[in-house]
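All remarks here apply to the structure that follows.
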Amino acid sequence: MNRIPPGPRRHYRTVWISDVHLGFRGCSADYLLEFLHSFECDTLYLVGDIIDLWQIKKRPYWPQAHNNVVRTILGKAKHGTRVIYVPGNHDEPLRDYDGLVFGNVEIQREVIHTCATGQRLLVLHGDEFDTVVQCSPYVAKFGALLYAWLIELNHVVNWARRRFGFPYWSLAAFLKHKVKNAVQYIGNYEAAVAHAARQREVGGVVCGHIHRAELTQVDELLYMNCGDWVESCTALTETHDGALSLVHWLEERQPAQVPLPVAA
């Protein structure tokens with residue numbers, strides 16, 4: 001795979017990533033490594049489903065690239081970045097360690113982030129607002145299996161597209177955004193998460209879970225979703241003056257043939 005050459009790195013006040021799904025064959029670990037090496041930041045939030053324990057339990061898979069992601073994050077934590085891990089439903093067992101610190105990584109069930117502007121943001125994964133996950137866990141796991149199958153099919157589709165010179169296209173995202181019930185589900189989810197932020201008297205919320213990157217207003221609240229590192233390869237960032245942005249890494253990366261180092 002092409003890599004981003006070493007050079008001056010961007011420096012952010014805060015970076016949020018979610019839904020990496022390490023241990024899942026569809027994880028875009030190489031792209032995430034590129035992104036992690038492209039910046040420094042004061043605080044890095046891991047907003048859930050970083051490790052996919054569901055997939056690991058079903059079919060163990062852990063290539064070197066996934067190990068390198070973990071090493072790079074731990075390297076950032078070792079060298080001054082505050083790393084906060086907010087577990088999701090796929091790495092739910094880590095919620096039992098709420099408030100503890102492992103390898104300079106803090107485990108928090110949810111956290112309030114204060115921006116440089118003074119705006120307060122609720123940071124949580126968001127699966128508790130997913131009615132399918134909460135009311136029908138077996139249906140949720142079946143959905144995860146179906147999603148994994150779609151990702152495998154997507155690889156085949158995009159192999160064929162590359163042969164004919166067409167760009168990457170997400171079958172899963174297409175179905176998610178075109179099916180009426182899926183669109184309604186996303187809207188209901190965003191409204192529920194925004195309601196939780198309103199109850200906690202904060203100005204906005206940062207979440208993940210539904211693999212749909214977003215930075216928008218829901219009524220008077222700021223709603224931000226990190227997206228994922230399975231298909232969209234997106235992250236949220238805050239500059240030192242408090243500006244918030246959504247990064248689409250596949251669009252921003254500049255290919256080169258220089259390998260990246262892995263942080264110790």
Evaluation of ASN89 against (1) within 28 Å of GLY242 (Cβ to Cβ); (2) touching a helix residue (DSSP H, G or I) at 6+ places or on another chain (Cβ under 6 Å) (one fails), failing number = (1)
Evaluate the following for TYR97: is it in contact with a helix residue (DSSP H, G or I) (Cβ under 8 Å, 6 or more places away or on another chain) and either closer than 19 Å to MET224 by Cβ or of a type in the set (Ser, Thr, Tyr) (or both)?
-> no
Which numbered condition LYS176 misses (of (1) at pLDDT 65 or above; (2) crowded, with 16+ Cβ neighbours inside 10 Å) = (1)
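Yes/no per residue for (1) assigned to a loop (DSSP other than H, G, I, E, B); (2) surrounded by 15 or more Cβ atoms within 10 Å (Cβ to Cβ); (3) under 18 Å from the mean Cα position of the chain (by Cα):
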| position | (1), (2), (3) |
| --- | --- |
| ARG13 | no, yes, yes |
| TRP16 | no, yes, yes |
| ASP19 | yes, yes, yes |
| ALA65 | no, yes, yes |
| GLY80 | yes, no, no |
| ILE84 | no, yes, yes |
| PRO87 | yes, yes, yes |
| LEU94 | no, yes, yes |
When the residues of segment 44-63 are filtered to those that are among the charged types (D, E, K, R) and surrounded by fewer than 20 Cβ atoms within 10 Å (Cβ to Cβ), which remaining residue is modelled with the highest pLDDT?
-> LYS57
Top-ranked residue of segment 35-62 - restricted to ones that are among the β-branched types (Val, Ile, Thr) and in contact (Cβ under 8 Å) with a residue 40 or more places away in the chain, ranked as nearest to ASP241 (Cα to Cα) | THR43
Condition met for ASN89 (touching a residue at least 24 places away in the same chain (Cβ under 8 Å) and under 24 Å from ARG10 (Cα atoms)) = no
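Scan ARG82, ARG71, ARG95 and give me the residue that is in contact with a strand residue (DSSP E or B) (Cβ under 6 Å, 6 or more places away or on another chain), of a type outside the set (S, T, N, Q) and either modelled with pLDDT of 95 or more or closer than 25 Å to TYR31 by Cβ (or both).
Testing whether each residue is in contact with a strand residue (DSSP E or B) (Cβ under 6 Å, 6 or more places away or on another chain), of a type outside the set (S, T, N, Q) and either modelled with pLDDT of 95 or more or closer than 25 Å to TYR31 by Cβ (or both) leaves just ARG82.
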Please go through segment 96-113 and pick out each residue that is touching a residue at least 12 places away in the same chain (Cβ under 8 Å) and in a loop (DSSP other than H, G, I, E, B).
-> GLY103, ASN104, GLN108, ARG109, GLU110
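Per-residue answers, yes or no, for (1) at pLDDT below 90; (2) touching a Ser or Thr at 6+ places or on another chain (Cβ under 7 Å):
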{"position": "ARG163", "(1), (2)": "yes, no"}
{"position": "GLN184", "(1), (2)": "yes, no"}
{"position": "VAL230", "(1), (2)": "no, yes"}
{"position": "ASP241", "(1), (2)": "no, no"}
{"position": "VAL247", "(1), (2)": "no, yes"}
{"position": "ALA256", "(1), (2)": "yes, no"}
Filter result for TYR189 (modelled with pLDDT under 85 and out of contact with any Phe, Trp or Tyr (no Cβ under 7 Å at 6 or more places or on another chain)) | no
Can you tell which of ALA65, ALA116 is among the hydrophobic types (A, V, I, L, M, F, W, C), farther than 30 Å from ALA197 by Cβ and touching a residue at least 12 places away in the same chain (Cβ under 8 Å)?
-> ALA65
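The values are calculated or read from the model by the stated rules, or taken from the named source; none is laboratory data. Keep in mind it's a predicted model, so treat the numbers as computed, not measured. So basically every Cβ, Gly included, is an ideal-geometry build from the backbone, and we count neighbours across all protein chains shown.
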